[in-house]
Structures are given as C-alpha cells and as structure tokens.
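Below: one structure, written as structure tokens.
Quick note: the coordinates plus some simple rules give every number you see, no bench work behind them. Since this is a predicted model, take the numbers as computed values, not measurements. Glycine also receives a Cβ, built like all others from the backbone with ideal geometry; neighbour counts cover every protein chain displayed.
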Amino acid sequence: MGRSVEMLDDSKKNQDFIFEFDYFESRSKTFNLLARIADEHKYPILKEFRIYINNVPSSLELYAHLSYASYASREIEWMKDMLIPMGTYRIDLSPLMLFARLGERRFNSHDIIDSDSARLILLDFWHENKIDLSRNQITEKHIQRLRKEGYDAFEKLTGGTTLFFSHSSKQKQELEKIMPYFTSVNELIWLDKFRIKPDQDDELIKKEIEAGLNQANTILFYITEDFLNSKWCRFELELSIAYYHEKEKYTFLLIINTGIKDIFFSEYPFIAETVSYENILILQEHQQLEDHIGLFINQYKEGV
C-alpha cells in the first residue's frame with residue numbers, strides 16, 4: 001500500500017508565502033525590506049512578488065505574497081529572517097483568496113519587480129497615520145451604498161482551514177518546510193504552532209483541535225514512532241476517523257515512515273482500507289520529506 005518515494009521525482013512545485021503587515025506601523029522600514037528582497041531575489045528564484053493594500057478605514061490591510069522556486073531554500077530562509085520580525089506569517093490564507101478579492105474591489109494590487117517599484121507602492125496608501133485616518137471615517141450609510149456597488153472590504157479578511165496537519169512535535173520543523181508547497185496550491189493550513197497558544201490548558205487545546213478538524217476537508221497525518229507515542233496525535237487521529245463517518249467529503253493524506261507502517265496499519269485497519277493509493281507517501285529512512293512533496297501534492301490534487 002502506498003507509493004515509495006523511490007518511485008517519485010520532485011515536481012518542482014513553487015513555495016508560496018503570505019505575510020500580513022500592520023497598515024501604519026514601520027511602513028517605510030517594511031517597504032525598504034521588500035525593496036531589498038526584490039533586488040536580491042530575481043526571477044526565476046522569486047517567481048512572483050505581489051502586494052495587496054486595502055485602504056478602507058474600517059479594515060485597513062497590507063499583505064505580501066511571495067512565490068519562490070522549489071530549490072530556493074537559502075533565499076527563502078533569508079527572506080523569512082527579514083519579514084517574520086516585521087509581520088505575521090499567514091498560513092491560513094492562500095494566493096487565490098487574495099487574488100479573488102480583487103474582483104470584490106477589496107484590494108489595490110501591485111507587482112514588485114525591483115526596489116524602485118517597491119518604493120513607488122508607498123504612494124498608493126491613502127492614510128499616512130492614524131490621525132489622518134480619524135478625519136476620513138465613513139458612515140454606515142456610505143458603507144451600505146458601497147456594498148451595493150460591489151465593494152466588500154469593510155471587515156478584515158478572515159483566514160480559514162482546508163488542510164489540518166497532524167504530527168508529533170518532533171517532526172514540526174519538517175512540516176513547516178513543506179507548508180509553502182501546500183500554500184502554492186491554495187490550501188489554508190492548520191498547524192498547532194500558529195493556532196494554539198503555549199499557555200492554553202488541555203480543554204482549550206482540545207476545542208481548538210476539534211474546531212480545526214471540523215473545518216478542514218483534508219487531514220494530513222505524518223506517521224512516525226513519535227506520532228504513535230503522542231496522546232495528542234492519537235486524539236486527532238481518532239477524532240478524524242469519527243468526522244470521516246459524519247462528513248460527506250473528508251480526505252486523509254498519509255506520510256509514513258517505512259519502519260512503522262506495518263504497525264500502524266495493523267492497529268488502524270480502517271485507515272489501510274480507506275485511504276487511496278495516491279494519498280499515501282512512504283518514506284524510506286534515508287529520505288527527506290521536502291525532496292518528494294511536490295509530486296505527492298500533484299497526485300493528491302489529481303484525485304480530488
């Protein structure tokens with residue numbers, strides 16, 4: 001059952017990232033960093049670099065979408081070191097979600113091709129500071145009229161969940177490396193690091209997990225020995241099986257280490273009987289997950 005990665009070649013998928021920045025705070029510094037990235041990372045390493053600005057006073061927003069080649073690991077790490085301290089890494093948004101909102105007249109959008117084009121975008125901000133903003137508030141009557149004209153940008157964009165990552169904390173770094181590949185195919189990702197606060201008690205954690213599993217339509221399990229030894233992983237797996245029986249469309253993806261697969265499938269025969277061949281990736285001991293995730297995503301998407 002499943003396909004060994006010895007049979008797979010990397011499909012060279014892009015790695016996509018979405019960052020949200022405060023509309024006002026450190027705007028010049030943020031755009032100086034974006035300008036530097038544009039000059040340092042050229043096509044084909046950086047395949048797409050786009051800014052989305054929402055100037056509506058009730059929901060001011062600023063997003064950057066960057067799409068990198070699959071081989072650009074060094075450049076990606078440098079970019080993340082630059083942008084993560086300045087903004088929020090939004091794995092619960094997708095490129096398609098942002099692009100689709102252009103049709104709702106939510107955003108002004110700009111491509112960045114070099115430092116000059118990045119700095120020119122500063123001219124597209126309608127509000128220079130919060131004092132200026134207070135003079136430009138719009139009334140509820142005006143909002144209703146704009147809604148009738150096709151504008152839909154009066155509340156901040158809410159993220160979602162289409163793909164839930166279930167894993168042991170010991171494999172978290174591996175999964176963080178493959179998140180951008182799933183973002184590139186417009187999955188909205190649930191990963192505990194981004195949804196659960198470190199000081200939350202067990203009952204709150206359970207509620208967050210239940211909500212994420214319920215919202216998602218695809219669950220990715222990274223099955224390792226650490227997974228089987230984790231109470232939280234087993235909780236997620238067993239709750240997912242219950243949801244599978246309740247929901248009309250609920251897909252399981254398995255990434256499983258070859259040394260544990262027989263133990264896992266004997267303990268959970270329902271999974272062995274339910275999950276289709278193309279949705280199982282079997283990793284040999286010497287193989288790295290990131291090297292083989294591209295074609296696995298292609299296989300999964302073709303079967304959707």
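Bridging of LYS156 to lysines at a Cα separation below 21 Å is possible for LYS130, LYS141, LYS148, once same-chain residues fewer than 8 apart are set aside.
Put a dot 7 Å past the Cα of GLN200, heading toward its Cβ, do the same for GLU238, and the two dots end up 2.0 nm apart. Projecting the alpha carbon convex hull of the chain along each direction and taking the average yields 17.8 nm².
Stretched out fully, how many nm does the piece from THR258 to LYS148 gain, at 0.36 nm a residue minus the Cα gap?
33.9 nm
Of all the options ILE178, ILE223, ILE241, the one that moves most in a Gaussian network model of the chain with Cα springs shorter than 10 angstrom is ILE241. The value of relative contact order for the range 154-296, using C-alpha pairs under 8 Å at least six residues apart, is 26 percent.
Ellipsoid fit via the Cα gyration tensor, the range 160-304: semi-axes of 21, 17, 17 Å, each the root of five times an eigenvalue, largest first. With 0.36 nm allotted per residue and the present C-alpha distance subtracted, the GLU210-ASP116 stretch has 29.2 nm of extension available.
The alpha-carbon of LYS13 sits under 29 angstrom from the alpha-carbons of these lysines, leaving out residues fewer than 8 places away in its chain: LYS42, LYS47, LYS80, LYS170, LYS172, LYS177, LYS193, LYS249, LYS261, LYS301. Of ARG145, ARG50, ARG27, the residue with the greatest mean-square motion in the GNM of the chain, using alpha carbon springs below 10 Å, is ARG145. Were the residues from LYS42 through ILE131 laid out at 0.36 nm apart, the gain over their Cα-Cα distance would be 28.3 nm. Using a Gaussian network model of the chain whose springs link C-alpha atoms within less than 10 Å, name the residue from ASN279, ASN32, ASN257 with the highest mean-square fluctuation. Evaluated over the chain, the most mobile residue of the options is ASN32.
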